[in-house]
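Novice: A single structure is presented below for examination.
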Amino acid sequence: MLATVYSCAVVGLDGEIIQVEVDFSPHAMPAFTVVGLPDAAVQESRERVRAAIRNSGLQFPNKRFTVNLAPASLRKEGPAYDLPMAIGVLAATDQAPLDRLAGAIFVGELSLDGSVRHVSGTLPIVHRAWQEGYECVYVPAEDAPQAALVPDIDIVPISSLGSLVEHLYDLQPIPPYVRKPVDTSVPTDLDGLTDFADIKGQEHVKRALEVSAAGSHNVLMVGPPGVGKTLLARALPAILPTMSLDEALEVTRIYSVADLLPHDKPLIRVRPYRAPHHTISEAGLVGGGSWPRPGEVSLAHRGVLFLDELPEFGQHTLEVLRQPIEDKHVTISRARVTLSFPANFMMVGAMNPCPCGFYGDPVRECTCSPSAVRRYQQRLSGPLLDRIDIHIDVPRVDYDKLTDDRRGESSAAVRARIEEARDRQRARFKDEPRLQANADMGPSEIRRYCQPDAAGQQLLNTTLRQMQLSARAYHRILKLSRTIADLAACDTIQVVHLAEAIQYRPRKVVY
């Protein structure tokens, strides 16, 4: 007897419907064969399915079973096919009703005792099922809150194989998961972050970070060790604007596929903050593998990618950032597949000015030779530096400021100004759904929204000639000045806004 069960594979960040065909041959030699380009984890499903069926009080005849995962040209990986394969075996042997399998998607990993375990990528799987018009999706009970983020489709939480069979026979029906209203309030996770009010001094650096957060601009902080570069970067998430629901769903889908979604938080409401170590590989940073998976640039989508000790990263590793920074996505090509992942992140870098860290410091003398300083700074290429909007020096903090008991402006107050600036940007881009912040603008949007007055044009002309800026730097100055004007609640870009944006550019290619 032949039984067909529907499941779903995750390809990149999208789902792909899979037909699980199970053929039962009672008169052939005993065997359990899985075909359709399965990986090792899918091949091992044979033993899990056999043990789970028997330990659930059901029969697994010692006959020949052939399981085909169609389409056969698509690679199948992971244990998510355990549950549909088991249901297919039961339906082929008259232990599950065939008529209840139509219009449903089954995903889940089986334990040897028949219980159903969590699988990754539940959100894109359910979204694909909804797009294809399926009526319900059977998912592990642990993944039901995540699956319920997709509306207008029934989510049935399954705890064990035996309870699923009883549900299919209407012996003990399992009610669909009851969706809860999506929480759109400001996340409380920000309470544990460093407050700007507790950071002594560095007022100009705080201002630069405020501008960067308001428009999602890239930042590079340069200064001697111990002056607070890392502390400032770790305080940055506390001033970032709250994600919209669409942004939250984008980020949640990425983390669902990467299997990094917290079990108690089916929807990510806090902007991501990723800080990989400088020993990370190119594949770890931008994504990769024989079957491409999201890298750090995608995990930082709509959030912050903090690269501490920037020159210590491999030079080739840093160069792969150039395309994601510019295009806001990364495309990974392999022999069998080409996949694209979103990578619209705000890059924040921190570095010392030289190997010893004290080049230009007024207190401690630098022990590096001029050639060593030059080699160290040239680890960052000109094209990469040109893609960074804000270059800011972080000096040593005076003793008087360190011992001052007065607190500065709080992160909550700064975040309120940033939220107002983002509201202005959302109103400006209401007809441009792909634009979420000023940093996302292209040349056409810059020409439309970032035109300075006559005095500003004269300042830009002088700056371009004296600093010999590239066309990319010119556009980034205009976008940055637009963000500064938004923070000042100005509809037009004035000379003072352009002047502040210009002073954030480096005076030369390297420091």
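The values are calculated or read from the model by the stated rules, or taken from the named source; none is laboratory data. None of the values given here were measured: they were computed from a predicted structure. Cβ: placed from backbone, ideal geometry, glycine included. Neighbour counts: every protein chain shown. Heads up: the accessible areas ignore ligands, DNA and RNA and are worked out on the full protein's heavy atoms, side chains in. Shrake-Rupley method; radii C 1.70, N 1.55, O 1.52, S 1.80 Å.
Novice: Lys and Arg at +1, Asp and Glu at -1: add these up for the other residues within a Cβ distance under 12 Å of Val116 and post the number.
Specialist: Summing Lys and Arg as +1 and Asp and Glu as -1 gives -3.
Novice: Oh, and also: Based on the mean of other Cβ atoms within 10 Å per residue, sort peptides 271-281, 423-433 so the most packed one is first.
Specialist: Output ranking for 271-281, 423-433: 271-281, 423-433.
Novice: Looking at the chain from every direction and averaging, what is the projected area of its Cα convex hull in nm²?
Specialist: Taking a quarter of the hull surface, the average projection is 27.9 nm².
Novice: Follow-up. Mind putting together the pair-distance distribution for the range 67-128? All Cα pairs, 5 Å bins, whole percent per bin, short to long.
Specialist: Each 5 Å bin holds this share of Cα pairs: 4, 15, 22, 28, 21, 9, 1.
Novice: If you take the Cα Rg of the range 37-88 and divide it by 2.2 N^0.38 Å, with N the number of residues, what do you get?
Specialist: 1.15
Novice: On a 0 to 90 degree scale, rounded to 10, what angle separates helix 411-428 from the longest Cα axis of the chain?
Specialist: So the helix axis and the longest Cα principal axis differ by about 80 degrees.
Novice: Another one. From the helices alone, meaning DSSP H stretches of at least four residues, give me the mean residue ellipticity at 222 nm for the chain, per-run term -39500 (n - 2.57), in deg cm²/dmol to the nearest 500.
Specialist: On the way: 21 runs with 183 residues, N = 511.
That calculation yields -10000 deg cm²/dmol at 222 nm.
Novice: Moving on. For helix 122-131, report the angle its Cα long axis makes with the longest principal axis of the Cα atoms of the chain; keep it between 0 and 90° and round to the nearest 10°.
Specialist: Long axis of 122-131 versus the principal axis of the chain: about 70 degrees.
Novice: Can you tell me what share of the DSSP beta bridges in the chain is antiparallel? A percent to the nearest 5 is fine.
Specialist: Roughly 50 percent of the DSSP beta bridges within the chain come out antiparallel.
Novice: Work out Dmax and Rg for the range 425-511 from the C-alpha atoms and quote the Rg first, both in angstrom.
Specialist: 12.9, 41
Novice: Classify the range 396-469 as rounded, prolate or oblate from the Cα gyration tensor: take a ≥ b ≥ c as the square roots of its eigenvalues, call it rounded if a/c is under 1.5, otherwise prolate when a/b beats b/c and oblate if not. Intermediate values should be presented prior to the final figure.
Specialist: Values: a/c = 3.16, a/b = 1.39, b/c = 2.28.
Oblate shape, in that a/c is at least 1.5 and b/c is the bigger or equal ratio.
Novice: Report in % the part of the accessible area of the chain that belongs to carbon and sulfur, leaving out ligands and nucleic acids; probe 1.4 Å. Walk me through the numbers before you get to the answer.
Specialist: On the way: 11270 of 22420 Å².
Taking all protein chains in place, the chain shows 50 percent carbon and sulfur surface.
Novice: Give the long-range amide H neighbours of Leu307: residues separated by 5 or more places, or on another chain, with amide H under 5 Å away, using H modelled in the peptide plane at 1.01 Å from N.
Specialist: Sorted by chain and number, the residues that satisfy this are Val348, Gly349, Ala350.
Novice: Can you run phi through the Karplus equation (6.51, -1.76, 1.60; θ = phi - 60°) for the range 61-70 and list ³J(HN,Hα) in whole Hz, with x for Gly and Pro?
Specialist: Values per residue, Gly and Pro as x: x, 7, 10, 9, 10, 10, 10, 10, 9, 9 Hz.
Novice: Between Val330 and residues 5 or more places away or on another chain, which pairs have amide H atoms under 5 Å apart, with H built 1.01 Å from N, and which residues are they?
Specialist: Residues meeting the criterion, in which the H sits 1.01 Å from N, are Phe341, Ala343.
Novice: Could you sort the peptides 400-407, 130-137, 79-86 by per-residue average Cβ neighbour count (10 Å cutoff), highest mean leading? Display every interim value, and only then the final one.
Specialist: On the way: 400-407: 9.2, 130-137: 15.9, 79-86: 28.1.
Ranking the peptides 400-407, 130-137, 79-86 by packing returns 79-86, 130-137, 400-407.
Novice: Compute the distance in nm between two label points, each set 7 Å from the Cα along the Cα-to-Cβ direction, one at Thr279 and one at Gln458.
Specialist: Taking the simple label geometry, Thr279 and Gln458 are separated by 5.7 nm.
Novice: Compute the long axis of helix 45-55 from its Cα atoms, compare it with the longest principal axis of the Cα atoms of the chain, and write down the angle in degrees, 0 to 90, nearest 10.
Specialist: For helix 45-55, the angle is close to 50 degrees.
Novice: Gap in Å between the Cα centre of the range 321-347 and the Cα centre of the range 1-25?
Specialist: Computed from Cα coordinates, the inter-centre distance equals 29 Å.
Novice: Moving on to the next point. How much accessible area per residue does the chain have, counting only protein heavy atoms and a probe of 1.4 Å, in square angstrom?
Specialist: On the way: 22420 Å² over 511 residues.
With the other protein chains kept in place, the chain gives 44 Å² per residue.
Novice: On a C-alpha basis, how far is the centre of the range 237-284 from the centre of the range 368-440 in Å? Whole number, if you could?
Specialist: Centre-to-centre (Cα) distance: 20 Å.
Novice: Could you derive backbone 3J(HN,Hα) for the range 230-237 from the dihedral phi with the Karplus parameters 6.51, -1.76 and 1.60 (θ = phi - 60°), listing whole Hz in sequence and x where the residue is Gly or Pro?
Specialist: So the J values, rounded to whole Hz, are 5, 4, 5, 5, 6, 7, 4, x.
Novice: Quick one: if you take sqrt(5λ) for each eigenvalue of the C-alpha gyration tensor of the range 1-43, what semi-axes come out, biggest first, whole angstrom?
Specialist: The three semi-axes for the range 1-43 are 25, 13, 5 Å.
Novice: For the range 209-244, list residues with backbone N below 16 Å from a point placed 7 Å from the Cα of Ser410 toward its Cβ?
Specialist: Once the point is set 7 Å along Cα→Cβ of Ser410, 238-240 turn out to lie under 16 Å by backbone N, inside the range 209-244.
Novice: So, one more: Let me know the shape class of the range 179-316, please: from the alpha-carbon gyration tensor, a ≥ b ≥ c as square roots of the eigenvalues, rounded when a/c is under 1.5, otherwise prolate if a/b is greater than b/c, or oblate.
Specialist: Values: a/c = 2.28, a/b = 1.15, b/c = 1.98.
The shape class here is oblate.
Novice: Here is a further query. Does the range 1-93 classify as rounded, prolate or oblate by the C-alpha gyration tensor (a ≥ b ≥ c root eigenvalues; a/c under 1.5 gives rounded; else a/b over b/c gives prolate, otherwise oblate)?
Specialist: In terms of gyration-tensor shape, prolate.
Novice: Now a separate question. Tabulate in residue order the Karplus-calculated ³J(HN,Hα) for the range 302-309, using 6.51 cos²θ - 1.76 cosθ + 1.60 with θ = phi - 60°, rounded to whole Hz; enter x for Gly and Pro.
Specialist: Listing the rounded values in order: 6, x, 10, 10, 9, 10, 7, 6 Hz.
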